[in-house]
1. Would you kindly state how much longer the chain becomes between Lys72 and Lys59 on full extension, computed as 0.36 nm times their sequence separation minus their alpha carbon distance, in nm to one decimal?
2. Can you give the relative contact order of the chain as a percent, counting alpha carbon pairs under 8 Å and 6+ residues apart?
3. On a 22 Å Cα-Cα criterion, which of the cross-link pairs Lys17/Lys79; Lys6/Lys79; Lys13/Lys61; Lys30/Lys79; Lys17/Lys61 come out too long?
4. To the nearest 20 debye, what charge dipole does the range 1-76 have about its Cα centre, counting +1 at the Cβ of each Lys and Arg and -1 at the Cβ of each Asp and Glu?
5. To one decimal place, what orientation-averaged projected area in nm² is obtained for the convex hull of the Cα set of the range 1-118?
6. For Leu9, what accessible area in Å² do you get when you roll a 1.4 Å probe over the heavy atoms of the protein chains, rounding to the nearest 10?
7. Can you compute the helix-only [θ] at 222 nm over the chain? Use -39500 (n - 2.57) per DSSP H run of at least 4 residues, normalise by all residues, nearest 500 deg cm²/dmol.
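The values are calculated or read from the model by the stated rules, or taken from the named source; none is laboratory data. Fair warning: this is a prediction, and the values are worked out from it, not measured in the lab. Heads up, the Cβs are rebuilt from the backbone with ideal geometry, glycines too, and the neighbour counts pull from every protein chain shown. With ligands, DNA and RNA removed, areas are computed over all heavy atoms of the protein, side chains included. Shrake-Rupley method; radii C 1.70, N 1.55, O 1.52, S 1.80 Å.
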Amino acid sequence: MGFVLKEKLKRLKGALKKWNKDVYGSVDTKIGDLTDAIECLELKGEREGLSEEELVERKTKFNNLWLLLKSKDSLEFQKSRSRRLREGDANTEFFHACVKSRRRSNSLVALKKGSEWLSTPEAIR
């Protein structure tokens, strides 16, 4: 019984990998292709106008692009969440260090205005 189940699970895993690659895989490539196609339709619309079919096609491409972007965002959120669960809770020292590092790199220490450097918060404001 156990051997048969393992074989079925292996076949299922292979089928799921193939489906993922064929149907869902390369989201970034699909997003790029849709963006290029939409841009071509936009340029054509500016030059000579679009037919009814092209307007419907453009709307469909926008909807597909929106779905792919939402799906990609959701997948990235799930990956980050599973990484946090795997590596530890969000309140761990590691994640606090990451936040502090990002805060330091995003902070303004000085700002150049013309030939002089402004370094006090009042002067930067």
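1. Here the segment from Lys72 to Lys59 would lengthen by 2.7 nm.
2. 15
3. Pairs exceeding the cut-off: Lys6/Lys79; Lys13/Lys61; Lys17/Lys61.
4. Details: 16 positive and 15 negative charges, 217 e Å.
The calculation lands at about 1040 debye.
5. One quarter of the hull surface, i.e. the mean projection, equals 15.6 nm².
6. 100
7. Values: 5 runs with 93 residues, N = 125.
Computed mean residue ellipticity for the chain: -25500 deg cm²/dmol.
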